There are 2 protein chains.
Amino acid sequence: MAQTEGKKPISLQDQGVFAVGGGIIKAEGEYDPNNPKKDGQTLHIDHATIHYQIPINAKKLPLVFWHGFGQTARTWQTTADGREGFQTIFLRKGFSVYLIDQPRRGQGGRGPEETSIPATPNEQYWLGMFRIAKGDEFMPNVKFDKGPETLNQFYRQISPDLGAIDFEVNTNAISALFDKIGDGILITHSHSGGQGWTTAIKNSNIKAIVTYEPGSGFVFPEGEVPDPMESSAGTLEAVPVSKIDFLKLTKIPIIIYYGDFIPETQDSFYGTDNWRPRLVMAKLFVETINKYGGDAKVVHLPGIGIKGNTHFPMSDLNNIEIANLMYGWLNDKGLN
Amino acid sequence: MAQTEGKKPISLQDQGVFAVGGGIIKAEGEYDPNNPKKDGQTLHIDHATIHYQIPINAKKLPLVFWHGFGQTARTWQTTADGREGFQTIFLRKGFSVYLIDQPRRGQGGRGPEETSIPATPNEQYWLGMFRIAKGDEFMPNVKFDKGPETLNQFYRQISPDLGAIDFEVNTNAISALFDKIGDGILITHSHSGGQGWTTAIKNSNIKAIVTYEPGSGFVFPEGEVPDPMESSAGTLEAVPVSKIDFLKLTKIPIIIYYGDFIPETQDSFYGTDNWRPRLVMAKLFVETINKYGGDAKVVHLPGIGIKGNTHFPMSDLNNIEIANLMYGWLNDKGLN
């Protein structure tokens, strides 16, 4: 906790937490407090939980950060090796910051059905999928600290599902968040990438999208949907939406970042090869957006000389450089 | 989010999050990244997740806040009706603040066994147990906002168990937290009350304990354990510890607060009657601590003219008064 020595204090006008979205299930019958049974009682479900911080003299548009699969708001907070994450980096730049725990994850609500949390050891699998290491071997020159406590912290920020993942539930909750806070910029990662586009179609308060390594849910207009793409990790399918809905995404600037270690041709290792068709489909998505008058861009970080990034550029060793890249883009788009 | 208008900004030197404590389970065999199976993989379990904020010119001793049953760090953050909770109230007073999600809750780690999360409607039961309402009737003059959005938010701060509750796992994780941060003051609530005493026996870095409405786990020296006590909600049993361990609690100041609506004689309503033997046993606990030279006190809030408090005094409508009471006690004990 010494990494902020010499840094200026952060001045907050306000901070807090609230739940947003979700539903209520209610058991039949009437509740009797003198003989309490399930009858007539409620269970509030499917909300997102939002932590926010507002700096003094905040910029007009807040940043809303949405985590990926198996993650929570932790993705955007302190890095596994103990440095400041995007939450504090962008707060220092004067942005209001909202962090999401999506429905059925972390401090988000549970779902309407009883569910089971497995205790299956699977962390090395994910370290591969996240392009940090292949088995015991870190990726070459990876921008991930190799100290054992860093891996310990990284593994411990993984969080199980409290219920089935449901894109409709998730996008409704995040749309409700934008109803509450008004205009803002959505930043997504991995599994929330595709859900972010669906949410922006639902809610015009989303004025821009920054997405790190979207993993699925690329939307295309009906009739222009690319064929499924194969990799050593499985099949990637695009998602058809109506032309009217697709055109909503041409009204806001969109930027997509991918990191390093993504092969150009098929690789037998699932962890790297998984991302090959995703990068290809992201480029098709951007082409389609721009064909209809939109403003979208894919930045493959090695292509601009930034090497060694994993699936988590926001917490890699060069995350300040990654943040400045995003900051520069926001500036260019007049969103600062 | 307008409740801070006119308030001074909060100046932070540092903020962040980390995991602490816990264990690792590892599947037998060797992991093969080219053919990933469970073999040889790990699962990190049983850690607490800690959010901290350090104000500029922080006081020497940080405050460490531990939630109760079915709760997370949310207990100490924004109140259900949208006002500042103890996190921000005490940050404004210049204390460093650490908020716990205990193992197997919220952003804390899962346990070593597969576990099931029920989706059983039970919220009205808990509203009774928390002395907020009996069925549809709020407690008379209760210091809990009656707007529907307040109840909505309150219900949505309830969080399920990610694994079996295990006091040994919990107290080990919180002891590891005090190993990491050094001397501090532990503030507990309800289910963490008893665990707080056990943690203070384990770790002498805990220099004082403030507890709101401890619900179980009152420790007594072997041979001085009171008989079990009955209420309309069930049986309350004291916990024997060695005399040597018990005496450790006589070395630190301890204060215990209970709110309103606790009957003096048996009441048929489980929600109020549950707390009657707890208040009685808390007084016995304090007498025993003080008999051996300690410094403990029970404050029954109605007894000093503060009425209408529920089981959650830290978020009731008078929570600033409740915070000032705690602040005054810390001052009196030279802990400020």
### Query
How large is the helix-only mean residue ellipticity at 222 nm for chain B, computed as the sum of -39500 (n - 2.57) over DSSP H runs with n ≥ 4, divided by its residue count, in deg cm²/dmol to the nearest 500?
-8000 deg cm²/dmol
### Task
On the full set of protein chains, 1.4 Å probe, figure out the accessible area of B:Phe90 and give it in Å² to the nearest 10.
0
### Rounded percent of accessible protein surface that carbon and sulfur make up, the protein assembly as shown, 1.4 Å probe
48
### Query
What ranking of B:Glu113, B:Glu213, B:Glu30 comes out by heavy-atom accessible area, probe 1.4 Å, highest first?
B:Glu30, B:Glu113, B:Glu213
### Query
Straight-line reach from B:Lys8: which lysines have a Cα under 18 Å away, not including same-chain ones fewer than 8 places off?
A:Lys8, B:Lys93
### Message
How many angstrom lie between the Cα centre of segment B:58-80 and the Cα centre of segment B:201-242?
### Response
21
### Task
Could you rank A:Val64, B:Val241 by how accessible they are, 1.4 Å probe, largest area first?
B:Val241, A:Val64
### Query
With each pseudo-label sitting 7 Å past Cα toward Cβ, what's the A:Asp332-A:Thr150 distance in nm, one decimal?
2.9
### Message
Can you return the aspartates and glutamates within cross-link range of B:Lys59? Criterion is Cα-Cα under 16 Å, with same-chain partners fewer than 8 residues away left out.
### Response
B:Asp14, B:Asp183, B:Asp332
### Task
Give me the accessible area buried between chains A and B, both sides summed, with a 1.4 Å probe, in Å² rounded to the nearest 100.
6700
### Message
Nearest 5 percent is fine: what portion of the DSSP beta bridges confined to chain B is antiparallel?
### Response
50
### Summary
quick note, segment A:213-336, DSSP beta bridge pairs, % antiparallel (nearest 5) is 25
### Task
Roll a 1.4 Å probe over the protein heavy atoms and report the accessible area of A:Glu168 in Å², nearest 10.
110
### Taking all pairs of distinct alpha-carbon atoms in segment A:57-158, Kirkwood radius in angstrom
15.7
### Task
Identify all lysines with a Cα-Cα distance to B:Lys283 below 26 Å; exclude those on the same chain that are fewer than 8 residues away in sequence.
B:Lys143, B:Lys202, B:Lys207, B:Lys243, B:Lys248, B:Lys251, B:Lys291, B:Lys297, B:Lys307, B:Lys333
### Task
State the Cα centre-to-centre distance between segment A:132-157 and segment A:87-116 in whole Å.
24
#### Entry: Relative contact order of chain A, pairs being alpha-carbon contacts under 8 Å that are 6 or more residues apart, as %
17
### Query
Looking at the square roots a ≥ b ≥ c of the eigenvalues of the Cα gyration tensor of segment A:84-242, which shape do they give, rounded for a/c under 1.5, prolate if a/b is larger than b/c, or oblate?
rounded
### Query
Which residue fluctuates the most in chain B, going by a Gaussian network model with Cα springs under 10 Å, if the choices are B:Pro36, B:Pro313, B:Pro55?
B:Pro36
### Summary
Expected max-MSF residue from A:Ser268, A:Ser190, A:Ser231 in the GNM of chain A (alpha carbon, under 10 Å) is A:Ser268
### Task
Would you calculate the separation in nanometres between label points at A:Lys291 and B:Ser116, each defined as 7 Å from the Cα along the Cα-to-beta-carbon direction?
5.1
### Message
Could you compute Rg(Cα) / (2.2 N^0.38 Å) for segment A:200-336, with N its residue count?
### Response
1.07
### At 7 Å out from Cα toward Cβ: B:Val299 inter-copy label distances (nm, ascending)
5.3
### For segment B:12-332, alpha-carbon Rg relative to the globular expectation (2.2 N^0.38 Å, N residues)
1.02
### B:Lys7 paired with A:Glu224, simple spin-label distance in nm, labels 7 Å along Cα-to-beta-carbon
4.8
### Query
Which three lengths, in whole Å and largest first, does the protein assembly as shown cover when its Cα atoms are put on their principal axes?
77, 48, 46
## Note on the structure
Averaged per residue, the 1.4 Å probe accessible area of segment A:140-280, protein heavy atoms only, in Å², is roughly 36
### Task
Using DSSP, restrict attention to beta bridges with both residues in the protein assembly as shown and report what percent are antiparallel, rounded to the nearest 5.
50
### Message
Compute a Gaussian network model of chain B, connecting alpha carbons closer than 10 Å, and tell me which residue from B:Gln102, B:Gln41, B:Gln153 fluctuates the most.
### Response
B:Gln41
### Query
Going 7 Å from the Cα of B:Glu137 toward and past its Cβ, which residues in segment A:10-41 have a backbone nitrogen under 13 Å from where you end up?
A:33-34
### Task
Return the sequence-ordered ³J(HN,Hα) values of segment A:120-128 in whole Hz as given by the Karplus equation 6.51 cos²θ - 1.76 cosθ + 1.60 applied to θ = phi - 60°, using x for Gly and Pro.
8, x, 8, 6, 5, 4, 5, 4, x
### Task
Could you please state, rounded to a whole Å, how far the C-alpha centre of segment B:262-313 is from the C-alpha centre of segment B:316-331?
17
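The values are calculated or read from the model by the stated rules, or taken from the named source; none is laboratory data. Quantities reported herein were computed from a predicted structural model and do not represent experimental measurements. Glycine also receives a Cβ, built like all others from the backbone with ideal geometry; neighbour counts cover every protein chain displayed. Heads up: the accessible areas ignore ligands, DNA and RNA and are worked out on the full protein's heavy atoms, side chains in. Shrake-Rupley method; radii C 1.70, N 1.55, O 1.52, S 1.80 Å.
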